[in-house]
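Participant: I have a structure here, written as structure tokens, and I will follow up with some questions on it.
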Amino acid sequence: MRFFFLLFTAMLLVNCKKESKPTTPQAFDVNKIVEDRFRESYRPQYHFTPPEKWMNDPNGLLFHNGTYHLFYQYYPEDIVWGPMHWGHAISTDLIRWEHKPIALYPDELGLIFSGSAVMDTANTSGLGSLENPPMVAIFTYHLMEGEKAGRKDFQTQGIAYSLDEGDTWTKYKGNPVIGNKDIKDFRDPKVMWHQPSELWILTLVAGDHAKMYSSPNLTDWTHLSDFGKDKGAHGGVWECPDLFPLTIEGTDETKWVLLISINPGAPNGGSGTQYFVGEFDGERFTTTQEETKWLDYGTDNYAGVTYNGLSDSERIFIGWMSNWNYARDTPTENWRSAMTLPRKLTLKKNKQGYYLNNFPINTINNYTELITDVIDQSNHTYTNDSFNQHRIDFTIDGDLDSFKVDFSNELDEHLLIGFNATKNQFYIDRRESGIVDFEPRFAEKSHVAPAILDSGTDVSLSLFMDASSIEMFVNGGSVVLTDQIFPTSPYTEMSIQGKASIKDISISEVSRIWEGQ
């Protein structure tokens, strides 16, 4: 996934002048020299961001030897999209990160677009040994010269390997391992080990559908099947697939889940991620699902994939917290883009069928400190020096009715979050939340999500607010909205209003993760 429809423009920008500095109000002075670079204007304090410059898709998510690796699409020369590299960071808990040197650089075969990584523990590739098996990255080569010439073969798949825990990488001499003759959009390989067939399975996307391949050794690939030309949303190009099994919560039944990002065509505009629940027999993915299902109804969760190296019962997801409608225009100065909080995916089933829950992993609790615990207070208005580094939880007692959470500041900016009982929709309204005029589509409308609820039971709401983002989770992630926000000063008041009966309110401060960096 990448800014495919402005590739040529981006290349021109790279070779010309830097883009002009965005205008920001006095409260967030981006020209101020800050000793700590991670305290810049709008810099998230507990979400992953690059040290500087441009970032988009998470790539190569891999857990190995107690370490979580996060690779990502990175352009180290500017804060707008440019020739893609793979950035790299590591963590022991998926919250606090250590930045590492750039992992993969463009070469004569092209730029390094999105992909995945695996540990070849049996050394099936022969690129390491049983004693020191290789970490293998699988990625898309994008040859700009081919695209500019109007060819359709400019995207191919290559691999690289590391024998030192991802610190240094060697490109495979036989690249590309999957060639391409005539498919314009042919990218984003996600690889997994399929134990029943004892083969590596690779899923990539080809414009309007997904393609599955198999290999015994990560270098020789055989096309197996296609999926999706007649399924799901097709408002834009398919990108960043991910195929994995999940056991339905509370049962012994296992289904297969296929994530597909799409741009444009998301329910609230621009970029978004749909998913399918079905079966995979080692060759073909099938589903009886007719309706389109979305992982997140906010406009700022895209291109997300899950970690390899964990057990099949544990799926942890990270998404890029932006949207191609306005990704290159957001009002930050030295860096651009953040990742969502890492989220655990669980598969559930109700009368309407299967659906994915996604909710921040439990280790975030190690970074939160309760600052107030209010139960059954009649006037739900709270003040704080800043709510922009907090977690807020509360419960709606019994049948759900309309409510609104209003975050505001002294400049009369308002971020609204709530539920509309008449329309049976949750929403985030950022139209008056702060800086919104840098791109027309950013504040074009309120973002809504249909409720997935069992009537007559309590409903929980969890809000994670950082310097420039809000993540909203209903009932542990049955409904999710993720949006960027850019208030000109921190929100200092939170008011909960409406007909719903609110209880068990807790407000927690979240620790910053960048101390010492």
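The values are calculated or read from the model by the stated rules, or taken from the named source; none is laboratory data. In this text the structure is predicted, and so the values were computed from the model without any measurement. Because the Cβ atoms are built from the backbone with ideal geometry, glycine has one as well, and the counts that use them run over all protein chains shown. For accessibility, only protein heavy atoms count, side chains too; no ligands or nucleic acids. Shrake-Rupley method; radii C 1.70, N 1.55, O 1.52, S 1.80 Å.
Participant: Which value, in Å² and to the nearest 10, is the accessible area of residue 283 when all protein chains are kept and the probe is 1.4 Å?
Facilitator: Around 110 Å² of this residue is reachable by solvent.
Participant: Within 10 Å of each candidate Cβ there may be at most 16 other Cβ atoms; applying that plus a DSSP loop requirement, which GluC sites (Glu not before Pro) in region 142-222 survive?
Facilitator: The qualifying sites are 165, 198.
Participant: Additional query: Pull out a ≥ b ≥ c, the square roots of the eigenvalues of the alpha-carbon gyration tensor of region 27-127, then state rounded if a/c is under 1.5, prolate if not and a/b is larger than b/c, and oblate in the remaining case.
Facilitator: It is oblate, given that a/c is not under 1.5 and a/b is not larger than b/c.
Participant: Any idea how far apart residue 208 and residue 503 come out in nm if each label point goes 7 Å out from Cα toward Cβ?
Facilitator: 5.2 nm
Participant: Another question, then. Collect residues whose amide H, placed 1.01 Å from N in the peptide plane, falls under 5 Å from the amide H of residue 178; neighbours closer than 5 in sequence don't count.
Facilitator: Counting only residues 5 or more places away or on other chains, the set is 157.
Participant: Aspartates and glutamates near residue 53 by alpha-carbon distance under 17 Å, same-chain residues fewer than 8 away left out - which ones?
Facilitator: Cα-Cα hits under 17 Å: 19, 36, 40, 77, 78, 98, 329, 333.
Participant: At 7 Å along Cα-to-Cβ for each site, give me the label-to-label distance between residue 379 and residue 108 in nm.
Facilitator: 7.5 nm
Participant: Another question about this same structure. For the chain, what is the percent of antiparallel DSSP beta bridges, rounded to the nearest 5?
Facilitator: Roughly 95 percent of the beta bridges in the chain run antiparallel, per DSSP.
Participant: Before rounding to the nearest 500, sum -39500 (n - 2.57) across all DSSP H runs of length at least 4 in the chain and divide by the residue total; then give [θ] at 222 nm in deg cm²/dmol.
Facilitator: After summing the helix terms and dividing by the residues of the chain, the value is -500 deg cm²/dmol.
Participant: For the chain, which whole percent of the accessible surface, found with a 1.4 angstrom probe, sits on carbon and sulfur atoms?
Facilitator: Taking all protein chains in place, the chain shows 46 percent carbon and sulfur surface.
Participant: Taking the simple approach of a point 7 Å from Cα along Cα-to-Cβ for both residue 489 and residue 37, what is their distance in nm?
Facilitator: Between residue 489 and residue 37, the simple spin-label model gives 3.0 nm.
Participant: Using 30 Å as the Cα-Cα cut-off, could you pick out the over-long pairs in 181/348; 293/445; 148/190; 211/348?
Facilitator: In this structure, 181/348 lie more than 30 Å apart at Cα.
Participant: Of the listed values (1) 1.11; (2) 0.95; (3) 1.03, grab the one calculated as Cα Rg over 2.2 N^0.38 Å from the structure here.
Facilitator: Only one listed value fits the structure, namely (2).
Participant: What does the accessible area per residue of the chain come to in Å², with a 1.4 Å probe and no ligands, DNA or RNA counted?
Facilitator: Here the residues of the chain average 39 Å² of exposed surface.
Participant: Continuing with the same structure: Would you grab the residues whose amide H sits under 5 Å from the one on residue 197? Only those 5+ places off in sequence or on another chain, please, with H modelled 1.01 Å from N.
Facilitator: none
Participant: Something else about it: Taking amide H positions as placed 1.01 Å from N in the peptide plane, with prolines and chain starts having none, which residues 5 or more places from residue 53, or on another chain, fall under 5 Å of its amide H?
Facilitator: 335, 336
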